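This report refers to the structure that appears directly beneath it.
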Amino acid sequence: MENEIKVHIKECRERACRLGVLELIPASPDRIVGAYLKSTSLKRCPVLSTLSYPMSRDIRWWLKAACVLVLITGSLLTVWNVQKEDHIQRENLLIKAKIAANSVTSDDIRSLSGSEADLVSPVYMHMKRTMEGVVAADREVRFAYLMGMNDEGEIFFFVDSEPPDSADYSPPGQIYEEATAPTRVAFASAMESTAGPDSDRWGTWITAFIPVKDRKTGDLVGIFGLDVDAKDWGLILLGAAIPPILGTGLVLILLLSFIVVIDRTRKEHELLASSQRAIQESEERYRLLFTRSPVGIVQSDRNGRIVMANQKCAEILGLPPESLIGFDVRSNLQNPRLAAAMTEVPKGTPAYYEGEYKSPGSGKELYVRILAHPLLFEAEGYSGVIAIIEDISDQKNAERALLQANRKLNLLSSITRHDILNQLLALKGYLELAGDPDADTLQQHNFLEKAKRVTTNIERHINFTKDYQDMGVKSATWQDIGMGITRARGALPLEHLTIRAEGIGYEVFADPLFEKVFYNLFENSLKHGGEGLTTIRVSAKETEMGLMILYEDDGAGIPADQKGHLFDHEITPQRGLGMFLTGQILSITGISIVETGVPGRGVRFEMLVPEGGYRKIPATL
């Protein structure tokens, strides 16, 4: 039965798969998977639904109670039947004994002496032949005999049915030494009766006692006895016991068969219920995996039209969820490499593709990883494709950003090493001039001041490399603009200024040092904003070119002659390397920065984040 159940479950699963491929046309990915999974329910499988009925435990309890009742009733009936048969057989034995005893008269007994002298007595010989005839006529009777009691109260045999040459023969006058209690009771009561089973030297017997009395006086003159072997008697009673035993057994077998059938049905039902729970749990896990998967999952039929897809797939394809069903995947494969890979799937070969992919809905250029596997069934053969689509654009962008950062670091280390060597050469020259014994005190003082300025420049270079060494070490990630501003504000004394942040609910794809950009801009405003600096404003807005992040203040602004060299790698008394570092951090992920402010009216830095390098932060309740 377990094998049949497994076959039924397999049939239901295959039926569900066929329904999922050919019949599902819901309006959204969640409804798609819901209908797909519902089609595998056991309720949709007629074979399993007819077998899955609950069996009441009360029926089993009543059947067990009936078994006990039948067993008790059968036992009582058997005992009653055996006792009834025993009574009937004893009555029959008494009747036989009475009939045989009718041939024995008190006069005949009185003519016997109860000694060996009786052997030649015609009366003795007549009784002998009569008793032999009784035994010969009835196969159930083993012994027939006539007993008497002497003056000493001893019981003896007058005559028996055994021939003289028999080992069981009792000669006239033989004392019955082991006379049983029922035998003595028969002499004492002088009433007909049956007794046994009782044992003596000849065996174990059931005996009928018939008293022979004097017709005139009513005195007891002898007891006529008939013996039946207790074994034969037992077989007769066993024959009486067999019918109720067989009847009871048959009824018990029938009831036990019902119990076995019910128990087996219950176990099969539990197995079915367990299988159903396992399938439902599996379906629920599949549902969660399908709907919550961080990668796109899509299934198409043999014609290349989508029959099932999750929300992530809709996002990658750039299409509304309701338009996914029926979408022709083959006709929209514009990438030749991807199209070539997918042509092998109908042949039963899984396909793998990693590369560029243009979203048919949004037109965005993505970098994707696709693994497609054919759906093959024994009856139908190729039925479609199920594929996993993963958008790895962020991973590729991070790899490109890391590569670019490494290139910039290599270039910067070369430039910084060259600049420090130049500064060291100048320092060495100033120190030699200051140590010239022919130079006067004023000249030496001037040379030492110049040497001190050179050491300050070297210190700036070294401090810059401390920040710059972390740039590009970690992969670019999505950075919250507002969080970067907050952290930068906390590291500088900006309490006396008004900081305004407007429309900055975006994340940008940038180096982890992104917050250093705002730190350097804030620091630049503090150093060069002048006494008129009161307000700093940071805002963001989307444009046709991308996301424009504006940094503005109301300070002194930047002179026009310095704007062109603002982000150069050069240290001057008015400018350090902070702005150069800002430009380098942003350029890692393709973000540009320019200063467009009007001198005397404050600075205006415009940072342009390219398309695909930013995303809006979802509003929270």
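Using modelled backbone amide H atoms (1.01 Å from N, in-plane), which distant-in-sequence or interchain residues come within less than 5 Å of Leu375's amide H?
Ser383, Gly384, Val385, Ile386
So what's the range 513-615 giving for Cα Rg divided by 2.2 N^0.38 Å, two decimals?
That ratio works out to 1.04.
Considering only protein heavy atoms, what per residue accessible area in square angstrom results for the range 494-621 with a 1.4 angstrom probe?
Accessible area per residue: 48 Å².
Express the C-alpha Rg of the range 484-538 as a ratio against the empirical globular expectation 2.2 N^0.38 Å, rounded to two decimals.
Computed over Cα atoms of the range 484-538, the ratio equals 1.15.
Once the convex hull of the alpha carbons of the range 138-177 is built, what does its volume come to per residue, in cubic angstrom?
So the per-residue hull volume is 75 Å³.
Amide H neighbours of Leu547 under 5 Å, counting only residues 5+ apart in sequence or on other chains, H built in-plane at 1.01 Å?
So Leu547 has HN proximity to Val609.
Would you mind working out the accessible area per residue for the range 172-287, using a 1.4 Å probe, and quoting it in Å²?
Accessible surface, normalised per residue, equals 54 Å².
One quarter of the convex hull surface, Cα atoms only: what value does that give for the range 74-140 in nm²?
Dividing the Cα hull surface by four gives the mean projection, 6.1 nm².
Can you give me the pair-distance distribution of the range 101-190, C-alpha pairs, 10 Å bins, whole percents?
16, 50, 33, 2
Hey, what D do you get for the range 51-163 in µm²/s if you plug the Kirkwood alpha-carbon radius into Stokes-Einstein at 20 °C and 1.002 mPa s?
114
Write down the Kirkwood hydrodynamic radius of the range 164-286, to one decimal in angstroms, obtained as one divided by the mean of 1/r over all alpha carbon pairs.
20.9
Along the range 315-320, what does the Karplus equation 6.51 cos²θ - 1.76 cosθ + 1.60 (θ = phi - 60°) give for ³J(HN,Hα), rounded to whole Hz, x for Gly and Pro?
Working through the residues one at a time gives 5, 5, 6, x, 10, x Hz.
To the nearest Å, what is the center-to-center distance of the range 67-127 and the range 182-237, using C-alpha atoms only?
Here the answer is 6 Å between Cα centres.
Per residue of the range 493-498, in order, report the coupling 6.51 cos²θ - 1.76 cosθ + 1.60 (Karplus, θ = phi - 60°) as ³J(HN,Hα) in whole Hz, putting x for Gly and Pro.
x, 10, 4, 7, 10, 9
Using the alpha-carbon centroid of each, what span in Å lies between the range 290-356 and the range 489-534?
45
Across the range 119-133, in residue order, what do the Karplus-derived ³J(HN,Hα) couplings come to in whole Hz, using 6.51 cos²θ - 1.76 cosθ + 1.60 with θ = phi - 60° and x for Gly and Pro?
4, 9, 7, x, 5, 4, 5, 5, 4, 4, 5, 4, 5, 4, x
If the viscosity is 1.002 mPa s and the temperature 20 °C, what translational diffusion coefficient in µm²/s does Stokes-Einstein give for the range 247-396 when Rh comes from Kirkwood over Cα pairs?
The calculation lands on 116 µm²/s.
Amide H of Val221 versus every other amide H placed in the peptide plane: which residues, excluding those fewer than 5 positions away on the same chain, fall under 5 Å?
The answer is Val212, Lys213, Asp214.
The values are calculated or read from the model by the stated rules, or taken from the named source; none is laboratory data. Please read these numbers as outputs of a predicted model, since none were measured by experiment. Note: areas computed on protein heavy atoms with side chains; ligands, DNA, RNA excluded. Shrake-Rupley method; radii C 1.70, N 1.55, O 1.52, S 1.80 Å.
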